[in-house]
Amino acid sequence: MLEVYDDVFEEQFLNYINYNIRDYSISWKIAMSTGTDPEYSFFLYYVDDKPEYKFILNEIFKKSKFLKDKKVKVKRQYINLYPYGIGGKWHTDSEDPRNVTLLFFPCEWKPEYKGATLFQNGNRLEYKRNRFIIFQAELQHKAEIHSNPMNRYTVAYKLELN
């Protein structure tokens, strides 16, 4: 299962989210896709208590055909920050088939930056501003190395379907 939705939010809200993401008071934590290989390190910031990220999720629930009318438990919600020249390592987010991953791409992006979300099954979803994707958390995936000088930010939600 893989869903892709474009042009989800109004420009004013996207600008607000991008301003919020670049808040210099955020306490970013270092993270790794899997294991402890520093070559694949990136940063994350948990947003469980931030109302704007709950709003994003609620709006996505309204638009998603897959999530519509399902009971969903939010397990985690956070922002990933991949600095210039960094990508991820192949990984799954869960082995439990009830779990799905939702990624939202809020930032301005040019195709030459690359930075797609790659799936080991051959699918490639380009990073595009105002896009969200939903996929089974057991799918092997990674962030492609990118060249955006302003970083690659992704709002991530880990969900369990009941």
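Every number here is computed from the coordinates shown, using simple stated rules; none is lab data. Note that the structure is a prediction, hence the values are computed from the model and not measured. Cβ coordinates were reconstructed from backbone atoms using ideal geometry, including for glycine residues, and neighbour counts include every protein chain displayed.
Computed values, structure above
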{"item": "Unit charges at the beta carbon, dipole of region 2-161: most positive-side option, 117, 42, 147", "result": "117"}
{"item": "Charge dipole (debye, nearest 20) of the chain; +1 at Cβ of Lys and Arg, -1 at Cβ of Asp and Glu", "result": "260"}
{"item": "Label-point gap, in nm, between residue 150 and residue 138 - each point 7 angstrom along Cα→Cβ", "result": "3.9"}
{"item": "DSSP loop trypsin sites (Lys or Arg not before Pro) with at most 12 other Cβ within 10 Å: longest gap in the chain", "result": "72-162"}
{"item": "Along the chain, longest interval not containing exposed GluC sites (Glu not before Pro), exposed being DSSP loop plus at most 16 other Cβ atoms within 10 Å", "result": "11-94"}
{"item": "Distance in nm between pseudo-label sites at residue 26 and residue 160 (7 Å out along the Cβ direction from Cα)", "result": "2.7"}
{"item": "Surface/4 of the Cα convex hull for region 9-162, nm²", "result": "9.0"}
